[in-house]
1. How would ASP170, ASP118 rank on accessible area, largest to smallest, probe 1.4 Å?
2. At 0.36 nm per residue, minus the direct Cα-Cα distance, what do THR57 and ASP16 gain on full extension? Give it in nm, one decimal, please.
3. What does the charge count around PHE60 come to, taking other residues whose C-beta lies under 13 Å from its C-beta (Lys +1, Arg +1, Asp -1, Glu -1)?
4. Residues with amide H under 5 Å of ARG23's amide H, sequence separation 5 or more or different chain, H placed in the peptide plane at 1.01 Å from N; which?
Amino acid sequence: FEDVQLATSTAIVLDDKYILTQRGASLLVVNIRRARLRVLYEKYYAILSRNGHCTQTALFETPVYVGVENALLLEEHLELLNLLGFEIRMFGNDTIVVSGVPEGFSADSGAVEQVVADVIDILKEKMTTLEEAMLSSMSLRFAQSAVSGGQSFQASEASRLVNDLFACSD
């Protein structure tokens, strides 16, 4: 395990799954995956709520074949996707080109294809719900997609993650 110096204490990362840290007189055990999920959920919810975005630009654009029906669905919601931080443009009748994804997602081509598939699923299943439920559901799905990869946790991220977690509203 690795030690990381926090603002006032040391954090220990255990097996890329947990952070042990001290806050005041308490010893905390933080599940890294769940903490990331919560932090990203609130971030995406805030972005959707205020129509802001933060984009992670890909080094290389990724063309993604989505089919005609899904291309039309994505084109219809292109403005919303741009607000979320996607940089997507239509390429023909059945393909899109992704040049950026919301922060927290991988910009690798295989990961981009999976994110696009998840976005299509979200748009298909949640179009008739109330806006609040849609915001919550979309935020959760985006956060789950962002943390679902087998990413290794860097010990240097421990301080930021714990601080971001304590900044969450819940």
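The values are calculated or read from the model by the stated rules, or taken from the named source; none is laboratory data. If you're wondering where the values come from, they're calculated on a predicted model, not measured in any experiment. A quick note on method: Cβ atoms are made from the backbone with ideal geometry, for glycine too, and the neighbour counts reach across all protein chains shown. Protein only, heavy atoms only, side chains kept; ligands, DNA and RNA dropped before computing areas. Shrake-Rupley method; radii C 1.70, N 1.55, O 1.52, S 1.80 Å.
1. My answer, sorted largest first, is ASP170, ASP118.
2. So the chain would gain 12.1 nm between THR57 and ASP16.
3. Working: positive: none; negative: GLU61, GLU87, ASP108.
Local charge sum for PHE60: -3.
4. LEU28
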